[in-house]
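What follows draws every value from the coordinates through simple rules; no lab data is involved. Since the structure is predicted, the reported quantities are computational estimates derived from the model, not experimental observations. As a convention, Cβ positions derive from the backbone with ideal geometry for all residues, glycine included, and neighbour counts pool all protein chains shown.
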Amino acid sequence: MDLLVQFAKSGFGLAFVIRNYVMEELQRGELFEIPLAEPLPVRRIGIATPRGIPMSSATKSFLALLP
């Protein structure tokens, strides 16, 4: 994302990034936000795991974080 933000700050176009990621730049006036006319659609996440292979502890912990 850093490269996208740098390009936008240099005037090379738009960067679609998370607002929290560029809050300081927005407050300093280095970037400005263009509100979208329509809200972004809801996204869904799907997880595929191999059948018959036990999940690692890291995988189980990651899955526990998902809504």
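When each of the peptides 31-38, 59-66 is scored by how many other beta carbons lie within 10 Å of its residues on average, the order from highest to lowest is 59-66, 31-38.
The equivalent ellipsoid of the chain has semi-axes of 36, 15, 12 Å, largest first, where each one is the square root of 5 times an eigenvalue of the Cα gyration tensor.
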